[in-house]
1. Select from region 90-101 the residues that are of a type in the set (A, V, I, L, M) and surrounded by 16 or more Cβ atoms within 10 Å (Cβ to Cβ) and list them in ascending order.
2. Being surrounded by fewer than 12 Cβ atoms within 10 Å (Cβ to Cβ) and at pLDDT 90 or above is the filter; apply it to region 72-89 and report the residue that is farthest from ASP30 (Cα to Cα).
3. Can you find a residue in region 20-40 that is within 11 Å of the chain's Cα centre (by Cα) and either outside any loop (DSSP other than H, G, I, E, B) or surrounded by 12 or more Cβ atoms within 10 Å (Cβ to Cβ) (or both)?
4. Looking at region 90-113 only, could you name the residues that are over 20 Å from CYS27 (Cα atoms) and acidic (Asp, Glu)?
5. Inspect all residues belonging to region 107-114 and state whether any of them is among the small types (Gly, Ala, Ser) and open to solvent by less than 40 Å² (accessible area, probe 1.4 Å).
6. Give me a count of the residues in region 75-94 that are in contact (Cβ under 8 Å) with a residue 24 or more places away in the chain, in a loop (DSSP other than H, G, I, E, B) and under 19 Å from ILE3 (Cα atoms).
7. Restricting attention to region 95-109, which residues are of a type in the set (Gly, Ala, Ser) and without any contact (Cβ under 8 Å) to a residue 12 or more places away in the chain?
8. Please go through region 95-115 and pick out each residue that is of a type in the set (S, T, N, Q) and in a loop (DSSP other than H, G, I, E, B).
Amino acid sequence: MKIRLATVSDLPAINDIYNQAVRKRYCTADLDEISLEQRTKWFEGHHPNQYPVFAAVEDDPVVGWICYSAYRAGRRALQSAAEVSYYIHEEHLQKGIGTQLMQFVIDEAPKYQFK
């Protein structure tokens, strides 16, 4: 498995993976699936040099993703903290992908001034 910065072309897979979690009703706070248009706006707010989105890729398809997001945006005392969200394609659960993604963002955190 390879972890890399997500691109716009990854958004359909990223959105499908997220919507799998929405349908399970216990993985997100969303009750309705997210449209690709909504996902694109979300992605545009995750600048690669501030709050990047990373894709886990296995033999080309995206099998999971993880991102940093602002934690309590606007509160300067918390700007060195980030919320981390990750989702794994349902066909790739229990393979350690989530653990690898979490370790990756922990290791990468200093590059983005996150403590």
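The values are calculated or read from the model by the stated rules, or taken from the named source; none is laboratory data. Just so it is clear, the structure is predicted and the values come from calculations on it, not from any experiment. Quick reminder, even Gly has a Cβ in these numbers, built from the backbone with ideal geometry, and neighbours come from all protein chains shown. Keep in mind that these areas ignore ligands, DNA and RNA; they rest on the heavy atoms of the full protein, side chains included. Shrake-Rupley method; radii C 1.70, N 1.55, O 1.52, S 1.80 Å.
1. The initial filter retains those residues of region 90-101 that are of a type in the set (A, V, I, L, M), namely 93, 97, 101.
Result: ILE97, LEU101.
2. Keep residues of region 72-89 that are surrounded by fewer than 12 Cβ atoms within 10 Å (Cβ to Cβ), which gives 72-77.
Adding the requirement that they be at pLDDT 90 or above leaves 72, 75.
Working: ARG72: 19, ARG75: 25 Å.
Once the filter is applied, the top-ranked residue is ARG75.
3. Narrowing region 20-40 to residues within 11 Å of the chain's Cα centre (by Cα): none.
Within region 20-40 (the criterion being within 11 Å of the chain's Cα centre (by Cα) and either outside any loop (DSSP other than H, G, I, E, B) or surrounded by 12 or more Cβ atoms within 10 Å (Cβ to Cβ) (or both)), the answer is no, since none of the residues qualifies.
4. ASP107, GLU108
5. Scanning region 107-114 turns up at least one residue that is among the small types (Gly, Ala, Ser) and open to solvent by less than 40 Å² (accessible area, probe 1.4 Å).
6. 1
7. So in region 95-109, the residues of a type in the set (Gly, Ala, Ser) come out as 96, 98, 109.
Result: GLY96, single match.
8. Scanning region 95-115 gives a single hit, GLN113.
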